[in-house]
Amino acid sequence: RLLVALQVREELGLADFSFMLADLVHYIFMKTKFNATLRRFYIFFEEYFDKKEWRVLLIKLFPAKTYIAEKL
């Protein structure tokens, strides 16, 4: 939530908080086990990843088996 708060703070003020803690964002999304919280907030961090990393992240976050099960 701190990372989302930093992004909101950047939008509201003149200070530049862009890509603050980028290494931490990469670690959290690429190296840790996924859960509902990561699925809830992932969209706020798209610009932290290149296209290839983003595709990998989406596959990890929303594997077809899980996605189909949630739709049923």
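Taking the criterion of being at pLDDT below 85 and part of a helix (DSSP H, G or I), the residues of the range 42-72 that qualify are Phe44, Ala64, Lys65, Thr66, Tyr67, Ile68, Ala69, Glu70, Lys71.
Looking only at the range 9-25, filter to residues that are assigned to a helix (DSSP H, G or I) and open to solvent by less than 50 Å² (accessible area, probe 1.4 Å); which one of those is modelled with the lowest pLDDT? Across the range 9-25, the extreme among qualifying residues is Glu10.
Among the residues making up the range 29-59, those that are touching a residue at least 24 places away in the same chain (Cβ under 8 Å) and of a type in the set (A, V, I, L, M, F, W, C) are Phe29, Met30, Phe34, Phe41, Phe44, Phe45, Val56, Leu57.
The values are calculated or read from the model by the stated rules, or taken from the named source; none is laboratory data. Remember, it's a predicted structure, so these values are computed and weren't measured experimentally. Neighbour counts are summed over all protein chains in view; Cβ atoms, including those assigned to glycine, are modelled from backbone coordinates with ideal geometry. These area figures cover heavy atoms from the full protein model, side chains too; ligands, DNA and RNA do not enter into them. Shrake-Rupley method; radii C 1.70, N 1.55, O 1.52, S 1.80 Å.
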